[in-house]
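Have a look at the structure below, then the notes.
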Amino acid sequence: MRFADLVAGYDRLEATSKRLEVRAILVELLKQVTPSELPPIVYLMQGELRPEFEGVELGVADSLAARAVAQATGRPESAVAESLRRTGDLGTTVEELLPSRSSRLAAEPLTVHEVYSELQRIAAASGEGSQETKVHTLVELIARASPAEAKYIARFVLGKLRLGVREMTVLDALSVAFADGSKEARGRIEAAFNLSSDLGLVAEATARHGLDGLRSIGLEVGRPLRPMLAERSPDLADVLKRMEGRAALEYKYDGLRVQAHVPAKGPVKLFSRRLEEISGQFPELVAALPEALRRRPAVVEGECVPVDLDTDELRPFQEVSRRRGRKYDLERMQSEVPVRLFLFDVLLDGRETTLELPFPERRRRLEALVQNTDRVRLAVQTTVSDLPSAERFFEEAIAAGCEGVMAKSLAEGSRYRAGARGFWWIKYKREYTHALADSVDGVVVGAFYGHGRRGGRYGALLLAVYDRAADRFETFCKVGSGFDDATLAELPAKLRPYEVAERPESVATELAPDVWFRPAVVLEVRGAELTLSPIHRASFGAVRPGAGLALRFPRFTGRWRDDKGPGEATTSAELLSLYRSQVRHVTKGGATEPET
Ligand code: AMP
């Protein structure tokens, strides 16, 4: 196909936003081209060179593109800049400045394949001298283009080609152009796309062999599939009803969804929920996965959550987002924000695709596949068939630092539905975790050395409340947030007078800090809420056997309570009444938060 014909189609697409019209234009376009031209055409239409998960980028900055336009049009860079100020779009500028094609050359018109391979050459140029290669290739391409063609090339190169053609509309058009346009045909085409995330692959296969062509498209290691999504429910009773009285419940971890592709040999690839490759940002997971899986190749899914490796407590989601998109300081971030991957599904087990198996069978496979390590664990799960058990599990999940539970259907039809949202998975979150009404005055009884940036200093302090009746200090949190650099630097000197070799008799805790202190120094903390914890000892057993109270996401307010001695700190009884008042206020549900 001549590139000019594609550009004529672009013009028509730009002129409408009506889905049916867009589809009709696409159908016409798709029917004109050979199957091998389809992948370039559908990728280009999405503003991409390859499927998005491959992360191929042209790497042409605005200034570089403007320079190429100046060279190709034979105008000074100042003239390009001047025009650009007026139009605000390099595409319009090049269309204006480029003389018509016939006045310049008699060479053959550009084909789609040629444009595509030159753009690939631009993307592939890297390392020393690559900027010059990119500019040079772009200049040559524009010099051979008509003004209208150059407009789209410039926009594409800058990532500003917005034709408004959504993936789903392309799938619609494929079903009309190469099958009978029925709902069933559309469904099968979409299923192939959900499994491969590759619009070009699906388009070419359908064009060559109709729906039969889709049979060859399956799950492949290294190529992400579109994730299965969950519906939501207002309460646990409703969840159970929808699941016909019996369901698997899992902790709903609050972190980043990760789809891990572990080949028999070669590098592990991690993909985000939006199918971007994020392997580079989590090298410790890449290293840990092969060890944690008993069989390979495998494709597994889980949630990557920040954890405190000393206490095993989960940390707030925001911390892990600091590790997203990072290219530098990876080492430091690994120790500053340690993460753990909680696996909840298996899609490929050895050479066998497990997508079609009902969920209970997949979970059995997952349990047989995974050996828990420091970095990789199975998501906590139980099966419930009555409301009180479901509620207990939900409270346990919250106490463990999760945002709620995920219910999963145990029915025969509970296969993995790539890219689909449905009631096979139902999320139920605590709607709102309110900041604790009051601050807590805690006594410092221990300290942990810092990791990474805080190396050589204290990274966190262990705090206790006072139990008057027993004359004992019972821990309720480990606090590392809220200290500025100056305070952190002063901590060892401030606390040294109280340092002791062993845990003082009067201190009750399951934790082993690096340094112990005699209870003396009091400071003020705030937190998100009080939860139940097996490792903290405050009001131990008062709410539930085997559990004490813990402050979730504690933060130093900056106030040292030098006016208070340890015996005047917050008491265990006060903490318990704070917990009880909070339980009465908690609203549960999941109906109002925005969709992500
Ligand atoms: P939401 O992002 O609120 O729509 O909730 C769905 C997300 O919860 C999924 O995309 C996962 O990232 C996450 N999640 C956490 N724990 C689980 C679990 N046990 N099973 C499935 N998804 C989970």
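Values in this text are rule-based calculations from the coordinates and carry no lab data. Model, not experiment: these values are computed from the prediction. Every residue, glycine as well, gets a Cβ built from its backbone with ideal geometry; the counts of neighbours run over all protein chains shown.
Summary table below
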read-out	value
Residue selected from segment 259-281 under the condition assigned to a loop (DSSP other than H, G, I, E, B) and within 11 Å of the ligand (Cβ to nearest atom), by the criterion nearest to Leu387 (Cα to Cα)	Arg273
Qualifying position, being touching a helix residue (DSSP H, G or I) at 6+ places or on another chain (Cβ under 9 Å), under 30 Å from Leu270 (Cα atoms) and not acidic (Asp, Glu), among Pro109, Pro35, Pro76, Pro40	Pro40
Boolean, Glu361 is in a helix (DSSP H, G or I), free of Cβ contacts under 8 Å to residues at least 12 places away in the same chain, more than 13 Å from the ligand (Cβ to nearest atom) and over 22 Å from the mean Cα position of the chain (by Cα)	yes
Options Gln131, Gln120: the member that is over 22 Å from Asp89 (Cα atoms) and not aliphatic (A, V, I, L, M)	Gln120
Residue tally, condition assigned to a loop (DSSP other than H, G, I, E, B) and surrounded by 15 or more Cβ atoms within 10 Å (Cβ to Cβ), over segment 321-349	3
Only one of Asp198, Asp212 that is surrounded by 22 or more Cβ atoms within 10 Å (Cβ to Cβ) and out of contact with any Leu (no Cβ under 9 Å at 6 or more places or on another chain)	Asp198
Unmet requirement for Gln318, which otherwise passes all of (1) free of Cβ contacts under 8 Å to residues at least 40 places away in the same chain; (2) away from the ligand (no atom under 16 Å from the Cβ); (3) part of a helix (DSSP H, G or I)	(2)
Test: residue in segment 449-462 that is within 16 Å of the ligand (Cβ to nearest atom), assigned to a strand (DSSP E or B) and aromatic (Phe, Trp, Tyr)	no
Total residues in segment 212-230, condition more than 16 Å from the ligand (Cβ to nearest atom), closer than 20 Å to Arg415 by Cβ and in contact (Cβ under 8 Å) with a residue 12 or more places away in the chain	7
Glu396, sole failed condition from (1) in a helix (DSSP H, G or I); (2) surrounded by 17 or more Cβ atoms within 10 Å (Cβ to Cβ); (3) away from the ligand (no atom under 15 Å from the Cβ); (4) of a type outside the set (Phe, Trp, Tyr)	(3)
Selection count, segment 149-166, where residues are over 31 Å from the mean Cα position of the chain (by Cα) and surrounded by fewer than 19 Cβ atoms within 10 Å (Cβ to Cβ)	0
Spans of helices (runs of 4 or more DSSP H) in segment 1-120 with at least 2 residues more than 37 Å from the chain's Cα centre (by Cα)	3-14, 19-32, 62-73, 77-87, 90-97
Matching residues, segment 79-90, being over 18 Å from Glu140 (Cβ atoms) and touching a helix residue (DSSP H, G or I) at 6+ places or on another chain (Cβ under 6 Å)	Ser83, Leu84, Thr87
Some residue of segment 238-258 being in a helix (DSSP H, G or I), over 17 Å from the mean Cα position of the chain (by Cα), more than 12 Å from the ligand (Cβ to nearest atom) and of a type in the set (Asp, Glu)	yes
Filter result (of a type outside the set (Asp, Glu) and under 25 Å from Leu270 (Cα atoms)) within segment 223-241	Arg223, Pro224, Leu225, Arg226, Pro227, Met228, Leu229, Ala230
